[in-house]
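Structure first, commentary second.
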Amino acid sequence: MRYAHASRAADKPLSRADILFKVELALARMENGDYGYCAICRSEIPIEELETDPSTVSCQTCRRSDN
Ligand SMILES: [Zn+2]
């Protein structure tokens, strides 16, 4: 049997708890006015990145050096 999502290779799978945590973090950041800004370098996160992952807290550059 084949699974439609099986080709999603780049990201490691997140557990439900991980996703919930990230969403809560994003909501808290919205309240603080921090949402959309990188938590590490404080630069603005491009809207395309937020659309791809609305719960993201750091920009692509920082995420890359982080991993
Ligand atoms: Zn950054």
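The values are calculated or read from the model by the stated rules, or taken from the named source; none is laboratory data. Computed from a prediction, not measured in an experiment: that's the story for all the values here. A quick note on method: Cβ atoms are made from the backbone with ideal geometry, for glycine too, and the neighbour counts reach across all protein chains shown.
Being at pLDDT 90 or above and assigned to a helix (DSSP H, G or I) is the filter here; which residues of the range 5-18 pass it?
Arg16, Ala17, Asp18
Looking at the range 20-42 only, could you name the residues that are free of Cβ contacts under 8 Å to residues at least 24 places away in the same chain and more than 9 Å from the ligand (Cβ to nearest atom)?
Listed by number, the residues that qualify are Leu20, Phe21, Glu24, Leu27, Ala28, Met30, Glu31, Asn32, Gly33, Asp34, Tyr35, Gly36.
Is there any pair with a first residue in the range 43-60 that is near the ligand (Cβ under 8 Å from one of its atoms) and a second that is assigned to a strand (DSSP E or B) whose Cβ atoms are under 9 Å apart and which are 6 or more apart or on different chains, and what are they?
Ser43/Tyr37; Ile45/Tyr37; Cys59/Tyr37; Cys59/Glu44
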